[in-house]
Amino acid sequence: MKISFSPEDEKFRAEVAQWLTQNLVGEFEQLKFRGGPGDEHMFPEARKKWEQKLAQGGWSCVGWPKEYGGRGCSIEQQVIFNEEYARAGAPGHVGHIGEGLAGPTIIAFGNAAQKQKYLPGIVAGTELWCQGYSEPGAGSDLANVKTKAHFDEAKGKWIISGQKVWTSLAHESDFIFVIARTNPGSIAHKGLGFFLMKMDQPGIEVRGIKQLTGTSEFNEVFFDEAECDADDIVGEPGEGWAIAMGLLGFERGVSTLGQQMQFQNELNQVIDIAKTNGSHQDPVIRQRIADAHVRLKIMRYNSMRMLSDAGDGGLKKEALIYKLYWSTWHRDLGELAMDVLGPEAEILASAPYNLTRLQSMYLFVRSDTIYGGTNEIQRNIIAERGLGMPKEPKVQLK
Amino acid sequence: MEFSFTQEQKMIRDTAEAFLAEVSSSEAVRTAMATEQGYEDKIWQRICAEMYWQAIHIPEEYGGMGLGYVELVVMLEEMGRYLLCSPFFSTVCLGANALIIAGTPEQKQQYLSEICEGSLTATLAYTGKNGQWGADAVQATVIPQGDNYLLNGSFRYVPDGHTASLIIVAVRDEGSSGEDGISLFTLDAHTPGVSRTWLPTMDETRKQAEITLDNVIVSKAHLMGAQSKAWPQLNKIIHLATIATAAEQTGGAQQILDLTVEYTKERVQFGRPVAGFQAVKHQAADMMLRAEVAKSAVYYAACVAEEAINGGPLAGELAEAASVAKSYCSDGYFKNASDAIQLHGGVGFTWEYDVHLYFKRAKSSELFLGNAAYHREQVAKLLLD
């Protein structure tokens, strides 16, 4: 057991930090600490330009293999990159769905043509992606997908109809990957297909969902006979479930450590306020701040265990608990931030409903324990896969 | 970055588990805890002679195995799982650590060698009746008298204090306060003026004692560390013991989870095992989360402890790592043990089932060396003051 980084890795860390210091300036200065969850709607154009700047510096898709345009970084280097990126206050990746989800799925399951067609745009930061999984009737129960796909022989295209929901950044995206039912009458996880689709076409309509923050980074996406090229289904029709599940595996990983550095930035902000307004002398606030610090520290150690064990294959226990742990921590931080602010917590940045960063965080964290598998679903997964406890009895549908 | 156990560390863990499953069964624990001594000589002798665990992290020059704090923590986790009744914690995590950190070359040569031989048990006494765990805990006093020292005062909550042959005591100069004026001495338990009284405890698996010093005279050879300035060393010893306690807590938090899952899978109500009910599964999931998170905290702290003893870039994190681990593990173990009683239903409230042994150990180890709130305040001082 050894937890320090090698001298080569530390050299890499200095290189990342230096590049960020030199380049996160000028027009990009305004992006510092912006664009994370709850702030995704901010500065989309400037963030796209930043993404392209990263690509020019060779800092996009650092974990991807070099043959696909990535940097081929080791896990340690990816961790370091994500940590330094967040430490510098560099903005949330507007292209993170392409880099973290669509790209790795195409690399793992796509054919040569799909790789050639889609990967360069993701690496260059010029083409943004969104994710078409959830539906009004299929949130955590993804197997309940109703969106349909059928192949039109005359047009030589797949025709997609249905509705997706909670689609982050759909309004900014160039492409969407969609799970739809290819086999009429199929149920649950059988008979699904995995499609790569262009957003800018007549059959797709995007409607923003106004969130309790007053802003819209989630959307509803409606498909009315939208088209997908015959070549743009990943894998075989009916096998979309396996690909979707493979993709969910990519959601966890090295980026968690960068996420924690953002959490650290938020906690530091709360600590600064507490020291300024004197609430740091309140014994209860002291306990809660210390508790937040303790649990954030251990979040980092959890991730380090998760990454160190990654080579053994299979999901380790510390990976199972990860989502439940961080989402609950972040929700608690939101509440702590408001209590530290006291009555000042209520005062908006400006009318009509412009929130400060901490207010926005406080409201947005209520979604952390819901999206990506609710805490309740996470607990079922932990109990069933981690502890071997029996599944819920199935209700027979008529 | 390899934050996972090496093959050798896994082997140590598996060997420890197999041995403890044999010698520290529920029956063995119940036999040992019913005695005033609190452990069975023959099991302690097997641990020392067959397993050589007491020597695990003692340097080779004194006859030890010279392994690291991570290896020690691996063992402690298993001991916590099996509620091992033995003077291991007091001798190794208090006595040996104190000697390693603050002992003179002569003291190390004599006492560490005797610990390795299995002929000496030891403990540390520093906390007075005020029940504090920081520097203010030290209330007993010392007055230099020529080449000797005169010691007076009393200590409570001393693990195995009534049975250990070597007691390392912390005392302070008369009139001093806080971190000033603290000295450490080695003290033979049979020195005239030393009286020791067993304090019967709610958690019977670990024995505590009160120790009173009444005009005890010791020579200069018994002084450890720097006279009147030993707080940094004592503080380090306390941090190391705190991490060791957290390791035991982690093992307990895991074992009580395993026992609970096993029980709920067997217990049938309304025509199915209660483990199938979501209300039960969700509590068990939270228990697993706490056990896993506790392990991350303790393994990290163990790596820090290793560097604090032998040098390394993380050495400066010792105080924080100890408080991070102890605050999380104290809450986590207690919550797991209390949930375990609930999930065991009526039998969880009985003497016959082992759940209560874990519930009681969880509380005693939570209170020992500072509870979660105490350690959070230590963290708050680092962050906020």
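The values are calculated or read from the model by the stated rules, or taken from the named source; none is laboratory data. Nothing here was measured: the structure is a model prediction, and the numbers come from that model. Note that we place each Cβ from the backbone using ideal geometry, even for glycine, and neighbour counts take in every protein chain shown. The protein model used for the area step is the full one, side chains on, heavy atoms only, and it has no ligands, DNA or RNA in it. Shrake-Rupley method; radii C 1.70, N 1.55, O 1.52, S 1.80 Å.
I'd like to know if segment A:148-156 contains one or more residues that are in a helix (DSSP H, G or I), out of contact with any Lys or Arg (no Cβ under 9 Å at 6 or more places or on another chain) and not polar (S, T, N, Q). Taking every residue of segment A:148-156 in turn, none turns out to be in a helix (DSSP H, G or I), out of contact with any Lys or Arg (no Cβ under 9 Å at 6 or more places or on another chain) and not polar (S, T, N, Q).
Kindly indicate the residue of segment A:229-241 that is outside any helix (DSSP H, G or I), under 17 Å from A:Lys115 (Cβ atoms) and out of contact with any helix residue (DSSP H, G or I) (no Cβ under 6 Å at 6 or more places or on another chain) and also most open to solvent (accessible area, probe 1.4 Å) among those meeting that condition.
Out of the qualifying residues, it is A:Asp229.
Of the helices (runs of 4 or more DSSP H) lying entirely inside segment B:283-385, the ones with 1 or more residues being open to solvent by 20 Å² or more (accessible area, probe 1.4 Å), closer than 24 Å to A:Asn268 by Cα and outside the structural domain of B:Tyr82 (by TED's automatic domain parsing) are found at B:318-344, B:372-384.
For (1) facing chain B (nearest Cβ under 10 Å); (2) in contact with a helix residue (DSSP H, G or I) (Cβ under 8 Å, 6 or more places away or on another chain); (3) among the basic types (Lys, Arg), each residue gets a yes or a no:
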residue: A:Ser350; (1), (2), (3): no, no, no
residue: A:Leu355; (1), (2), (3): no, yes, no
residue: A:Leu358; (1), (2), (3): no, yes, no
residue: A:Tyr362; (1), (2), (3): no, yes, no
residue: A:Ser367; (1), (2), (3): no, no, no
residue: A:Glu376; (1), (2), (3): yes, yes, no
residue: A:Asn380; (1), (2), (3): yes, yes, no
residue: A:Glu384; (1), (2), (3): yes, yes, no
residue: A:Pro390; (1), (2), (3): yes, yes, no
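Sub-8 Å Cβ pairs linking a first residue in segment A:162-174 that is farther than 17 Å from A:Thr147 by Cα to a second residue that is surrounded by fewer than 21 Cβ atoms within 10 Å (Cβ to Cβ) and of a type in the set (S, T, N, Q), at least 6 apart or interchain, are A:His171/A:Ser216, ordered by first then second residue. Residues that are within 14 Å of another protein chain (Cβ to nearest Cβ) number at least 2 in the following helices (runs of 4 or more DSSP H) confined to segment A:1-106: A:7-23, A:75-87. Applying the selection to segment B:1-56, what residues are open to solvent by less than 40 Å² (accessible area, probe 1.4 Å), within 14 Å of chain A (Cβ to nearest Cβ) and in contact (Cβ under 8 Å) with a residue 24 or more places away in the chain? Result: B:Phe3, B:Phe5, B:Gln9, B:Ile12.
Only one entry of B:Glu210, B:Glu248 meets the criterion of being closer than 21 Å to B:His162 by Cβ and in contact with a strand residue (DSSP E or B) (Cβ under 9 Å, 6 or more places away or on another chain), and that entry is B:Glu210.
Restricting attention to segment B:327-364 and to residues that are among the charged types (D, E, K, R) and more than 10 Å from every other protein chain (Cβ to nearest Cβ), the residue that is farthest from B:Ala102 (Cα to Cα) turns out to be B:Glu352. For segment A:268-288, a residue qualifies if it is of a type outside the set (A, V, I, L, M, F, W, C), open to solvent by 40 Å² or more (accessible area, probe 1.4 Å), more than 7 Å from chain B (Cβ to nearest Cβ) and in a helix (DSSP H, G or I), and the qualifying residues are A:Asn268, A:Gln269, A:Asp272, A:Thr276, A:Asn277, A:Gln281, A:Pro283, A:Arg288. If you go through segment B:206-239 and keep only what is assigned to a strand (DSSP E or B) and either among the hydrophobic types (A, V, I, L, M, F, W, C) or free of Cβ contacts under 8 Å to residues at least 12 places away in the same chain (or both), you end up with B:Ala209, B:Ile211, B:Leu213, B:Val216, B:Ile217, B:Val218, B:Leu223, B:Met224. With the checklist (1) in contact with an Asp or Glu (Cβ under 8 Å, 6 or more places away or on another chain); (2) open to solvent by less than 20 Å² (accessible area, probe 1.4 Å) in hand, flag the one item B:Ala125 doesn't pass. For B:Ala125, the exception is condition (1). Scanning segment B:195-228 for residues being within 15 Å of B:Arg156 (Cα to Cα), open to solvent by less than 70 Å² (accessible area, probe 1.4 Å) and hydroxyl-bearing (Ser, Thr, Tyr) gives a total of 3. For segment B:240-282, the candidate set comprises residues that are within 9 Å of chain A (Cβ to nearest Cβ) and in contact (Cβ under 8 Å) with a residue 40 or more places away in the chain; within that set, the residue that is most open to solvent (accessible area, probe 1.4 Å) is B:Val280.
If the condition is being among the basic types (Lys, Arg) and in contact with a helix residue (DSSP H, G or I) (Cβ under 7 Å, 6 or more places away or on another chain), then segment A:5-58 contributes A:Arg13, A:Arg47, A:Lys53.
In segment B:283-294, what count of residues is obtained for those that are of a type outside the set (Asp, Glu) and within 8 Å of chain A (Cβ to nearest Cβ)?
Within segment B:283-294, residues that are of a type outside the set (Asp, Glu) and within 8 Å of chain A (Cβ to nearest Cβ) number 5.
All of (1) without any contact (Cβ under 8 Å) to a residue 60 or more places away in the chain; (2) open to solvent by less than 30 Å² (accessible area, probe 1.4 Å) hold for A:Ile179 with one exception: (1). Candidates are the residues of segment A:115-138 that are in contact (Cβ under 8 Å) with a residue 60 or more places away in the chain and of a type in the set (Gly, Ala, Ser); the one that is surrounded by the fewest Cβ atoms within 10 Å (Cβ to Cβ) is A:Ala124. Among the candidates B:Asp136, B:Asp188, B:Asp173, the residue that is within 28 Å of B:Tyr62 (Cβ to Cβ), modelled with pLDDT of 95 or more, acidic (Asp, Glu) and outside the structural domain of B:Glu36 (by TED's automatic domain parsing) is uniquely B:Asp188.
Condition first: among the small types (Gly, Ala, Ser) and within 22 Å of the chain's Cα centre (by Cα). Can you find one or more residues in segment B:273-295 that meet it? Full working, then the answer.
First pass over segment B:273-295, keeping only residues among the small types (Gly, Ala, Ser): B:275-276, B:279, B:284-285, B:291, B:294.
Cutting the leftovers down to within 22 Å of the chain's Cα centre (by Cα) gives us B:291, B:294.
Yes, because at least one residue in segment B:273-295 is among the small types (Gly, Ala, Ser) and within 22 Å of the chain's Cα centre (by Cα).
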